1. Among all residue pairs at least 6 apart or on different chains, which show Cβ distances below 6 Å where the first residue, located in the range 150-169, is in contact (Cβ under 8 Å) with a residue 60 or more places away in the chain and more than 16 Å from Asp35 (Cα to Cα) and the second is of a type in the set (A, V, I, L, M) and assigned to a helix (DSSP H, G or I)?
2. Given the options Cys37, Cys10, name the one that is assigned to a helix (DSSP H, G or I), out of contact with any Gly (no Cβ under 9 Å at 6 or more places or on another chain) and at pLDDT below 95.
3. Every residue in the range 40-49 that is aliphatic (A, V, I, L, M) and either part of a loop (DSSP other than H, G, I, E, B) or surrounded by 13 or more Cβ atoms within 10 Å (Cβ to Cβ) (or both), please.
4. For the range 107-115, indicate whether the set of residues that are small (Gly, Ala, Ser) and surrounded by 14 or more Cβ atoms within 10 Å (Cβ to Cβ) is non-empty.
5. From the list Ala61, Ala29, Ala97, exactly one residue is at pLDDT 95 or above, touching an Asp or Glu at 6+ places or on another chain (Cβ under 9 Å) and closer than 21 Å to His132 by Cβ. Which is it?
6. Step by step: first the residues of the range 70-84, then only those that are within 19 Å of the chain's Cα centre (by Cα) and either surrounded by fewer than 18 Cβ atoms within 10 Å (Cβ to Cβ) or among the basic types (Lys, Arg) (or both), then the one that is farthest from Ala163 (Cα to Cα). Which residue is that?
7. If you take the residues in the range 98-138 that are under 19 Å from Met39 (Cα atoms) and hydrophobic (A, V, I, L, M, F, W, C), which one is nearest to the chain's Cα centre (by Cα)?
8. Anything in the range 100-109 that is basic (Lys, Arg) and at pLDDT 95 or above? List them, or say none.
Amino acid sequence: MMRIPAARYCTTCAVVAFALLIGGQVVEAKDPPSDPCSMLTGAELAKVLGQPFGAAAKTTAPAAMLDHVTGTDCNYQTSGGNSMRLFFRIYVDPSMAVARDTFTKLSGNYGPNKPLTGNWDSAYLDSRHGIHVQKGKVRFYLGLTPVGADAADTEKHLSDLAAAVAAEL
């Protein structure tokens, strides 16, 4: 049996403990700004979607389930060119666990779903080409109408916008 000197043993234990401590930390997503609609600007929409958009029309979104929080709806409309509408709905739940549970329960309503990877905890593309995302205690949805002839192109644009929103959380 090999003996490890006490000093080396203590150093090794300290390094392992530190690595476990750092590796076990969870980085919390931050809350969205007080006006969630400000996370998507007309300039950003124009850059991604190729058309000018006006400012968002902001309204209160109904609770997704009984006894859950209300959210914010942001409706963006093109201000010229082809008529397009981007719908952005966002909820801030009391905790990440509530957001994850609600997100999972609701996902069955929009299937079949295609999982998406990105800078979020969970996301999927629904059967109507909308994107549903959960990051920390925030859940949001992005949908574009009309979808257009190239659904894959619409999905790519929405995925880019979803990544931009998630980056702010």
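1. Every condition considered, the pairs that remain are His157/Val48; His157/Leu49; Asp160/Val48; Leu161/Val48.
2. Cys10
3. Matches in the range 40-49: Leu40, Leu45, Ala46, Val48, Leu49.
4. The answer is yes, given that some residue of the range 107-115 is small (Gly, Ala, Ser) and surrounded by 14 or more Cβ atoms within 10 Å (Cβ to Cβ).
5. Ala61
6. Filtering the range 70-84 for residues that are within 19 Å of the chain's Cα centre (by Cα) and either surrounded by fewer than 18 Cβ atoms within 10 Å (Cβ to Cβ) or among the basic types (Lys, Arg) (or both), the one farthest from Ala163 (Cα to Cα) comes out as Thr70.
7. Val133
8. Listed by number, the list holds a single entry, Arg100.
The values are calculated or read from the model by the stated rules, or taken from the named source; none is laboratory data. Keep in mind that what you see is a predicted model, and the values were worked out from it rather than measured. Every residue, glycine as well, gets a Cβ built from its backbone with ideal geometry; the counts of neighbours run over all protein chains shown.
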